[in-house]
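Written out below as structure tokens is the structure these notes cover.
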Amino acid sequence: MAGYLVDDARKVTTHRLKEMKEQGKKIAMLTSYDYTTAKIVDGAGVDIILVGDSASNVMAGNQTTLPITIDQMIYHARSVVRGVKRALVVCDMPFGTYQVNATDGVRNAIRIMQETGCDALKLEGGVEILDTVKKILEAGIPVMGHLGLMPQSINKYGTYTVRAKEEAEAEKLLSDARALAEVGCCALVLEKIPASLTARVVSEIPIPVIGIGGGPADGQVLVIDDMLGKTQGFAPRFLRRYADLNSVMTDAIGRYVTDVKSGDFPNEKEQY
Ligand code: KIV
């Protein structure tokens with residue numbers, strides 16, 4: 001079956017991710033927010049499942065990732081963990097749960113780990129949150145960094161355009177990436193930056209770099225609703241659509257409506 005191209009059925013660990021980078025094996029990462037989807041994603045051979053705060057957009061219909069709460073993220077992550085056997089499950093720390101101070105950040109990080117059973121957490125930011133990242137790591141919690149376009153800071157930037165095109169911002173991103181790798185992050189997401197900058201980060205830091213709109217890296221991540229074509233009107237250049245679930249679902253649901261209204265469903269075999 002296409003998709004079962006996994007040559008290693010063992011549970012993916014942060015150690016395994018590092019090995020994959022060293023061996024030049026690409027890492028496939030995808031978001032999931034519920035049990036049924038996570039089970040399919042895991043069975044299809046995805047290495048990392050991200051319970052992204054993009055749940056705020058695609059699950060809850062918000063304009064940004066800011067409104068999603070820690071309780072809502074815990075609900076999504078717990079559901080995903082129940083459906084996963086092999087993939088590493090990473091949960092986003094939502095906006096407001098780690099920016100206030102390190103103590104607050106560690107407390108919220110421990111709560112998410114305890115209540116969800118996920119394997120690692122993802123935080124957006126560089127040197128500004130380094131102290132918090134260090135303390136979370138010291139608590140024994142693997143951390144994935146996230147630089148470039150950081151949706152939790154949308155109100156600071158005002159647009160979702162490509163980041164770090166200017167030299168100063170590119171240099172800041174490079175030093176943030178080095179700092180996150182040095183303190184012990186297990187991987188780094190780079191969102192919507194020039195491919196040449198991603199290539200520099202990939203070659204300079206020893207931890208896996210996962211791209212989204214950043215060109216080739218050690219791995220790639222997409223939002224599942226986007227790559228399956230459930231979302232509409234969102235077509236950035238980096239998004240490859242692997243299905244048109246919007247059409248498939250609309251057609252199936254339309255036929256169901258027709259069958260119910262005509263009395264064709266349920267038929268004799270579909271009743272007791
Ligand atoms: O929340 C999310 O889905 C993400 C990915 C876009 C990397 O952070």
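The values are calculated or read from the model by the stated rules, or taken from the named source; none is laboratory data. Every value quoted in this text rests on a predicted model; they were computed, and no experiment measured them. For neighbour counting, all protein chains shown are included, and Cβ atoms are generated from backbone atoms with ideal geometry for every residue, glycine included. Ligands, DNA and RNA are stripped out before the accessible areas are found, and what is left, the full protein with its side chains, is counted by its heavy atoms. Shrake-Rupley method; radii C 1.70, N 1.55, O 1.52, S 1.80 Å.
Numerical summary
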read-out	value
Boolean, GLU204 is assigned by TED's automatic domain parsing to the domain that holds ILE141, more than 22 Å from VAL89 (Cα to Cα), out of contact with any helix residue (DSSP H, G or I) (no Cβ under 8 Å at 6 or more places or on another chain) and away from the ligand (no atom under 16 Å from the Cβ)	no
Selected residue [on the phi > 0 side of the Ramachandran plot and touching a strand residue (DSSP E or B) at 6+ places or on another chain (Cβ under 8 Å)] from GLY213, GLY219	GLY213
The listed residue being of a type in the set (Gly, Ala, Ser), more than 16 Å from the ligand (Cβ to nearest atom) and at positive phi, out of GLY148, GLY117, GLY105	GLY117
Conditions (1) over 23 Å from VAL12 (Cα atoms); (2) away from the ligand (no atom under 16 Å from the Cβ); number of the one not met by LEU173	(2)
Candidates SER153, SER196 - the one that is more than 16 Å from the ligand (Cβ to nearest atom) and not in a loop (DSSP other than H, G, I, E, B)	SER196
Pairs with Cβ under 7 Å, 6+ apart, first in the stretch 122-142 and touching a residue at least 60 places away in the same chain (Cβ under 8 Å), second away from the ligand (no atom under 16 Å from the Cβ) and assigned to a helix (DSSP H, G or I)	PRO142/THR14
Cβ-Cβ under 9 Å pairs, at least 6 apart or on other chains, the stretch 221-248 side under 25 Å from THR198 (Cα atoms), far side polar (S, T, N, Q) and part of a loop (DSSP other than H, G, I, E, B)	VAL223/SER54; VAL223/THR231; ILE224/SER32; ASP225/SER54; ASP225/THR231; ASP226/SER54
Odd one out for LEU222, checked against (1) within 22 Å of VAL58 (Cβ to Cβ); (2) surrounded by fewer than 13 Cβ atoms within 10 Å (Cβ to Cβ)	(2)
VAL201 within 21 Å of VAL106 (Cβ to Cβ), open to solvent by less than 10 Å² (accessible area, probe 1.4 Å) and assigned to a helix (DSSP H, G or I)	no
Matching residues in the stretch 177-198 - criterion: being open to solvent by less than 10 Å² (accessible area, probe 1.4 Å) and closer than 12 Å to GLY145 by Cα	ALA177, LEU180, CYS185, ALA187, LEU188, VAL189, LEU190
Selected residue (criterion: farthest from VAL133 (Cα to Cα)) from residues of the stretch 167-193 that are in a loop (DSSP other than H, G, I, E, B) and not aliphatic (A, V, I, L, M)	LYS192
Meets criteria (surrounded by fewer than 17 Cβ atoms within 10 Å (Cβ to Cβ), among the hydroxyl-bearing types (Ser, Thr, Tyr) and within 19 Å of the chain's Cα centre (by Cα)) for TYR160	yes
